[in-house]
Amino acid sequence: MTEVEEVTNLNNKGKGREIEVNGWAFLANAKFEKKGKGKKIKAKIVNLLKQFFLNRNINPKDKLTAQEMYMELEEFTRSGEIDNDDIPQVSTIHNWIGRYSREFNREGTIIVLDTFNASGSSSNC
């Protein structure tokens with residue numbers, strides 16, 4: 001008896017009705033390990049994106065959107081520093097900004113807390 005027949009029999013319980021079971025419900029049909037299988041952003045591109053991102057922390061007027069970062073990367077392509085094929089899509093850059101921003105803020109918080117704890121434990125309040 002197949003999985004579909006087993007599920008149908010279990011759900012019918014002798015009532016004479018049939019159900020249609022989609023294949024996605026079975027573990028055998030599940031697709032795992034899809035996340036992270038796409039094209040990775042090259043290290044040189046990531047370093048450039050980090051520079052663009054950190055520039056806005058120094059001067060908020062210099063804040064770049066994902067589209068503007070994409071256009072800056074195109075300038076590096078024209079100068080021959082990077083290949084055009086290595087430039088990620090604007091949506092990928094947008095997602096990278098979100099991930100890096102969270103990581104950057106988390107690391108900054110840890111540093112501040114460590115500094116606070118170190119200075120707090122040395123003072124006799």
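The values are calculated or read from the model by the stated rules, or taken from the named source; none is laboratory data. Every value quoted in this text rests on a predicted model; they were computed, and no experiment measured them. Don't worry about glycine lacking a Cβ; one is built from the backbone with ideal geometry, like all the others, and counts go over all protein chains shown.
In table form, for the structure just shown:
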{"read-out": "Pairs, first in contact (Cβ under 8 Å) with a residue 40 or more places away in the chain in the stretch 64-86, second in a loop (DSSP other than H, G, I, E, B), C-beta under 6 Å, six or more apart", "value": "Asp86/Lys42"}
{"read-out": "Any hit, the stretch 96-119, residues being part of a helix (DSSP H, G or I), among the polar types (S, T, N, Q) and modelled with pLDDT of 95 or more", "value": "no"}
